[in-house]
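Here's the structure, in structure tokens; my notes come after.
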Amino acid sequence: MNLPHLRVRLRDITSTEDIDHHPYAIEKLRADFPHSIQLLERANPAFPRNCFEWALNLDQEVTHWVCDFGLPELFAGSRFALELILHMTEISESDTTDGDLVLYFDKQIPTHAGRFKESQVVSKWGTGHIYKHGFLEVPESYGSKIRFYRTMPASVATARFVSYIRHHPDYGAIDEIFEKRFGHLYLDSHAQKHHS
């Protein structure tokens, strides 16, 4: 298999907005580039999630609500992932078990996330569908450096996300309405100061 060319083609396919066409185009690639990519689940347009939100199983209500404001970096993206891994345990590939986090990097920046399953990866490609695939059977834009982390409970990951947005420079634009809606669910020193 010509993996570099497959990855370029995957990048081209997934950069188009017609996500309903992606599985067909990926399947069609098999003739020229045999691969193990399998479609596991189609995206739900009513609940768009990116790869980090899906892999970490973050609370959808919180992530969607915050994302709707469209503030730069105030969402579960690369910047959040960089901060999150400071609180995670990195492990070797040989120590990885099903459900552990697989992170992809490009120049030390996290670009993609998935979960380890049966010596492969299950991941959500952008806001598109969920696929099971080989480690590097992903779009070229996701980078080639892979690191593995012990999984954390969804509630802990979501609490870390809430802490991330509370300490973000743009939080002042939404702090009052966020605290009114979610503050009672995610109490920390920042929230307690806000309410005092």
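Of all positions in region 168-191, at least one carries a residue that is aliphatic (A, V, I, L, M), buried (at least 20 other Cβ atoms within 10 Å of the Cβ) and assigned to a helix (DSSP H, G or I). Considered as a group, the residues in region 126-140 that are open to solvent by 20 Å² or more (accessible area, probe 1.4 Å), modelled with pLDDT of 95 or more and not hydrophobic (A, V, I, L, M, F, W, C) include one that is nearest to the chain's Cα centre (by Cα), and that residue is LYS132.
Collect the residues in region 36-49 that are part of a loop (DSSP other than H, G, I, E, B) and open to solvent by 20 Å² or more (accessible area, probe 1.4 Å), keeping them in residue-number order. Break it down stepwise before answering.
In the first step, residues of region 36-49 are kept if they are part of a loop (DSSP other than H, G, I, E, B); the result is 36-37, 42-49.
Hits for region 36-49 are SER36, ARG42, ALA43, ASN44, PRO45, ALA46, PHE47, PRO48, ARG49.
In region 79-108, the residues that are under 18 Å from VAL122 (Cα atoms) reach residues that are exposed (fewer than 12 other Cβ atoms within 10 Å of the Cβ) with C-beta atoms within less than 8 angstrom, at least six apart or across chains, in these pairs: ASP98/GLU118. Scanning region 50-71 for residues that are modelled with pLDDT of 90 or more and part of a loop (DSSP other than H, G, I, E, B) returns ASN50, ASN57, LEU58, ASP59.
The values are calculated or read from the model by the stated rules, or taken from the named source; none is laboratory data. These numbers were taken from a predicted model, which means no experiment stands behind them. Please note: Cβ atoms are built from the backbone with ideal geometry, for glycine as well, and neighbour counts cover all protein chains shown. Each accessible area value is taken on the protein alone, full model and side chains, heavy atoms only, with ligands, DNA and RNA left out. Shrake-Rupley method; radii C 1.70, N 1.55, O 1.52, S 1.80 Å.
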